[in-house]
Amino acid sequence: MDGIACTLTEYAAESRRIQLVAAFAPAAELPRAAAAAARLAERTPEGAQTSVDLYLWREGAGGDPDAIAAELRAALSQAGFRRPLRRASVLVAYPARGLGRQASQLHFTFRGGPAEFVEEPRYRGVHPMIFRRMQLARLSKFELTRLPSPEDVYLYRGVARDNPRDERLFAVAEVRDLTPLHDARGRVVQLPHLERMLHEALAGMRRFQARRAPHQRLEWNRVLLTVEPPLLLSRDEVRGVAERIGPATQGLGLEMVLLAARVPHPDTGELKDALVRVTTDGRTVAVRWDAPTDRPLEPLSEYHLRVVQLRRRGLVHPFELVRMLAPTRDSQAGVPPGEFVEHDLDASGALAPVSRPPGQNGANVVVGVVRTFTARHAEGMQRVVLLGDPSRSMGALAEPECRRIEAALDLAERLRVPAEWFAVSAGAKISMDSGTENMDWISRVLRRIVTFTQGGGEINVVVCGINVGAQPYWNAEATMLMHTRGILVMTPGSAMVLTGKEALDYSGSVSAEDNQGIGGYDRIMGPNGQAQYRAGSVGEAIQILLRHYEHTYVVPGERFPRRAATTDPAARDVRTSPHGPAGGAGFETVGDVFDAATNPDRKKPFDIRRVMAAAVDQDHPPLERWRDLRGGETAVVWDAHLGGWPVCLLGIESRPLPRLEFVPADGPELWSAGTLFPQSSKKLARAINGASGNRPVVVLANLSGFDGSPESMRRLQLEYGAEIGRAVVNFRGPFVFCVVSRYHGGAFVVFSKALREDIEVVAVEGARASVIGGAPAAAVVFSREVETRTRKDPRVVEAEKAAAAGGAARGRLAEIVAAVRSEKVGEVADEFDGVHTVERARRVGSLDRIIAPADLRPYLVDAVARGIARHSG
């Protein structure tokens with residue numbers, strides 16, 4: 001029309017007839033294009049509405065968008081439209097642009113007419129139809145501001161109209177290709193186009209967040225990907241892709257990633273619209289499949305605003321923790337489904353169930369009972385849960401909190417279940433209206449923790465924020481003493497301090513650069529063993545906690561943790577399992593460790609973890625405690641399964657290990673193989689005590705004894721070695737001790753069969769067992785015999801005669817004597833080892849059996865099963 005390319009069409013929307021007029025022209029022809037569209041719009045029939053699309057292109061650099069909008073508005077107002085328009089959308093394209101973040105198009109939408117038009121700011125940068133298709137209409141309760149983003153990604157800063165404190169980022173994009181990449185086994189490992197669009201959206205968010213101070217960065221942000229092709233992947237495949245790309249979301253404050261897609265019905269195969277919600281903290285992932293919705297997104301409630309405020313400080317609200325701890329059954333989370341029932345004090349001072357909205361707790365701690373439903377525990381693993389509330393006075397402690405904590409331990413004792421404590425607290429409440437009475441209440445809780453744990457109760461602590469003063473003492477009483485069986489897990493940014501950094505600095509005491517330097521995991525609590533595990537996030541801490549329960553949870557009324565299903569044959573031969581280069585002895589398989597040809601006299605170094613891994617069930621990964629305990633590296637503590645039965649598996653490292661700390665002059669330069677040092681002794685004693693009355697203990701031993709250096713004696717070697725003996729004597733349950741290499745010295749005493757009647761002590765063929773090893777026995781105990789044999793040796797006799805004549809022979813005498821003495825030490829050592837064999841140890845009753853290497857796993861599985869049957873009767 002008038003030299004302008006135009007078209008006219010009709011469609012239906014919202015039960016209305018819409019006449020669409022479209023015109024195409026260079027930007028310089030804007031007035032003529034608008035006028036042509038106005039004349040064509042006159043053909044709109046009665047009862048229909050008119051929409052106009054103008055598609056313009058412009059050479060050169062883009063101008064100021066506000067100036068362009070004003071130019072467009074003026075052109076539309078002067079075009080001569082006869083009646084108001086439903087909307088007028090204008091696209092201005094720039095050829096040869098679109099690379100990187102250089103926008104190739106500008107979109108503007110106007111309402112009104114015929115004489116005056118007003119721009120719709122929310123549609124700037126996006127066509128209204130795309131806006132609707134990508135569900136941006138659900139953000140109608142937010143004022144949206146378009147932010148710079150890559151091509152095809154729409155990034156907005158949204159501020160709730162009714163609550164300006166609710167400020168978030170929304171990123172939306174379309175996914176037009178779902179062609180997957182498969183690995184060699186045919187498994188889906190990547191969705192390239194979907195992942196590219198997600199990473200582009202995350203990149204736009206990251207650029208925006210980087211310009212703000214950490215405590216001012218936006219939280220509760222969302223990414224919505226509208227998937228055009230059908231999503232034909234299985235739910236497990238979708239979860240696998242989500243887990244792989246989850247780490248890319250760290251630090252962006254995401255609430256969730258949503259996929260709007262069409263998925264096949266599991267029964268009929270018919271494609272149905274679905275909304276896939278993916279939540280992640282960067283380490284753990286949960287996936288939920290919902291029906292789509294077009295309801296407007298509501299602004300954050302006061303509760304959710306508190307959640308956001310805590311997230312900005314790196315903290316988690318207790319009820320958000322509940323959501324992670326007990327996900328719904330329809331969610332694909334890294335945690336089994338569960339249910340949580342909040343409890344509070346009733347009139348009698350006991351805990352009773354309550355029903356109220358999240359965040360309505362009146363104290364600085366939330367208490368409840370949680371059940372987690374697993375294949376082994378279909379009825380649910382029940383625990384009593386305590387959650388510190390950092391949104392209320394940073395979890396400060398006074399009478400209301402202490403009463404609830406005491407009542408929670410009473411409830412756990414009555415139900416005979418573990419207590420679970422997600423600890424964050426600023427310590428005792430400090431105010432003008434309360435004082436020392438708060439400390440008395442804290443002491444009451446301390447007393448209750450002592451009586452609860454000494455009575456066999458289990459308290460597991462997750463430190464998920466700052467713990468000051470009273471809380472670290474409670475944590476210690478619950479998890480760090482010899483009699484306790486609970487674990488302590490620390491999350492990033494958490495710390496346990498008696499006095500915070502600011503208070504230490506003010507008082508002139510020695511401090512550190514931050515609270516993590518005083519009581520964080522990496523420098524303090526991990527190396528000293530007071531924390532047993534480090535988690536990468538709160539979600540990962542929950543997973544560690546549940547893995548702990550896989551090995552330790554005992555249903556009330558039962559004696560042992562339930563047996564797990566396993567497909568690993570009990571009769572499997574461990575000798576074919578790989579060993580690898582650790583130790584430097586050249587062993588390729590575990591069988592080489594036990595082979596007389598490759599390891600004569602069992603003196604070569606090997607990796608005890610490889611032997612342990614070969615023995616346990618291959619379909620149940622072990623969980624290692626105290627891995628970062630500095631000085632305890634020679635002891636390995638695993639929770640594992642043998643024949644499906646949960647066991648505490650202990651190993652003694654059988655290769656020299658470097659010391660990762662300052663080495664004093666009176667201590668060893670390396671942690672020597674098969675030797676127990678003070679911290680490794682303490683580690684073993686605590687592990688045995690923790691398993692007592694709960695699950696069997698199995699020890700795979702290569703023990704030459706305790707280290708007797710001045711450093712070790714100064715660091716309580718005697719005390720911690722004695723603790724092992726006491727733990728073995730007091731142990732309640734099956735105990736299996738297997739010598740895989742050597743077994744000498746004081747370590748023999750603390751694991752001796754004489755300590756308890758029901759301990760099973762066996763050795764693998766070719767192992768050595770004696771009071772002392774042959775070489776030190778020859779050099780120290782039988783030194784006179786060595787000297788006698790040396791002097792009687794003909795070579796020495798001849799050398800002495802030659803030396804009596806003087807000359808050079810006198811100098812050679814010392815060399816000959818030294819060489820012969822070394823030879824005689826070897827002879828006496830071999831004679832000693834030949835006498836003090838494992839066969840002799842079996843004859844005198846120190847061992848029960850000698851087993852072939854091929855029978856190692858079959859024997860251990862059978863011994864554990866026999867012990868459980870014996871103690872279950």
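If you go through the range 198-233 and keep only what is of a type outside the set (D, E, K, R), within 22 Å of ARG176 (Cβ to Cβ) and open to solvent by 50 Å² or more (accessible area, probe 1.4 Å), you end up with HIS199, LEU232.
Looking only at the range 119-144, residues that are open to solvent by 70 Å² or more (accessible area, probe 1.4 Å) and touching a residue at least 12 places away in the same chain (Cβ under 8 Å) come to 3 in all.
The number of residues in the range 714-734 that are open to solvent by 90 Å² or more (accessible area, probe 1.4 Å) and touching a Ser or Thr at 6+ places or on another chain (Cβ under 6 Å) comes to 1. Scanning the range 454-486 for residues that are of a type in the set (S, T, N, Q) and open to solvent by 10 Å² or more (accessible area, probe 1.4 Å) gives a single hit, GLN454. Identification of helices (runs of 4 or more DSSP H) wholly contained in the range 764-873 with 3 or more residues that are modelled with pLDDT of 85 or more yields 783-792, 794-804, 808-835, 856-872. Is it the case that ALA75 is part of a helix (DSSP H, G or I), open to solvent by less than 30 Å² (accessible area, probe 1.4 Å) and of a type in the set (A, V, I, L, M)? It is true that ALA75 is part of a helix (DSSP H, G or I), open to solvent by less than 30 Å² (accessible area, probe 1.4 Å) and of a type in the set (A, V, I, L, M). Annotation: of all residues in the range 703-760 being in contact with a Phe, Trp or Tyr (Cβ under 6 Å, 6 or more places away or on another chain) and part of a strand (DSSP E or B), the one that is farthest from GLY834 (Cα to Cα) is PHE737. Answer yes or no as to whether ARG313 is without any contact (Cβ under 8 Å) to a residue 60 or more places away in the chain, of a type in the set (Lys, Arg) and either open to solvent by 40 Å² or more (accessible area, probe 1.4 Å) or farther than 20 Å from SER391 by Cβ (or both). When the stated conditions are applied, ARG313 does not pass them. Filtering ARG795, ARG791, ARG843, ARG870 for residues that are surrounded by fewer than 18 Cβ atoms within 10 Å (Cβ to Cβ), in contact (Cβ under 8 Å) with a residue 40 or more places away in the chain, more than 17 Å from ARG602 (Cβ to Cβ) and not hydrophobic (A, V, I, L, M, F, W, C) leaves a single hit, ARG870. Of the helices (runs of 4 or more DSSP H) lying entirely inside the range 485-602, those carrying at least 1 residues that are over 30 Å from the mean Cα position of the chain (by Cα) and either among the charged types (D, E, K, R) or on the phi > 0 side of the Ramachandran plot (or both) are 501-507, 590-594. Of the residues ARG742, ARG732, which is of a type outside the set (A, V, I, L, M), farther than 27 Å from VAL554 by Cβ and in contact (Cβ under 8 Å) with a residue 24 or more places away in the chain? Exactly one of ARG742, ARG732 is of a type outside the set (A, V, I, L, M), farther than 27 Å from VAL554 by Cβ and in contact (Cβ under 8 Å) with a residue 24 or more places away in the chain, namely ARG742. GLU624 meets the conditions (1) open to solvent by 10 Å² or more (accessible area, probe 1.4 Å); (2) of a type in the set (Asp, Glu); (3) in contact (Cβ under 8 Å) with a residue 40 or more places away in the chain in every case but one. The failed one is (3).
Restricting the range 410-440 to residues that are within 27 Å of GLY520 (Cα to Cα), within 27 Å of the chain's Cα centre (by Cα) and aliphatic (A, V, I, L, M) leaves a set whose member that is most open to solvent (accessible area, probe 1.4 Å) is ALA426.
Residues checked against (1) more than 23 Å from the chain's Cα centre (by Cα); (2) free of Cβ contacts under 8 Å to residues at least 60 places away in the same chain:
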residue	(1), (2)
GLU342	yes, yes
LEU345	yes, no
ALA350	yes, no
PRO357	yes, yes
VAL365	yes, yes
ARG371	no, yes
ARG376	no, no
GLY380	no, yes
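When ALA685 is tested against the conditions (1) outside any strand (DSSP E or B); (2) among the aliphatic types (A, V, I, L, M); (3) open to solvent by less than 20 Å² (accessible area, probe 1.4 Å); (4) touching a strand residue (DSSP E or B) at 6+ places or on another chain (Cβ under 7 Å), the lone failure is (4). Of the strands (runs of 3 or more DSSP E) that lie entirely inside the range 325-364, those containing 3 or more residues that are open to solvent by less than 40 Å² (accessible area, probe 1.4 Å) and closer than 30 Å to ARG283 by Cβ span 331-333, 338-345.
Entry remark, the range 225-254: residues being part of a strand (DSSP E or B) and over 26 Å from the mean Cα position of the chain (by Cα) number 3 in total.
The values are calculated or read from the model by the stated rules, or taken from the named source; none is laboratory data. Just so we're clear, the structure is a prediction, and the values are computed from it rather than from any experiment. Virtual Cβ from ideal backbone geometry, glycine too; neighbours counted across all protein chains shown. In case anyone asks, the SASA skips ligands and DNA or RNA and just uses the protein heavy atoms, side chains included. Shrake-Rupley method; radii C 1.70, N 1.55, O 1.52, S 1.80 Å.
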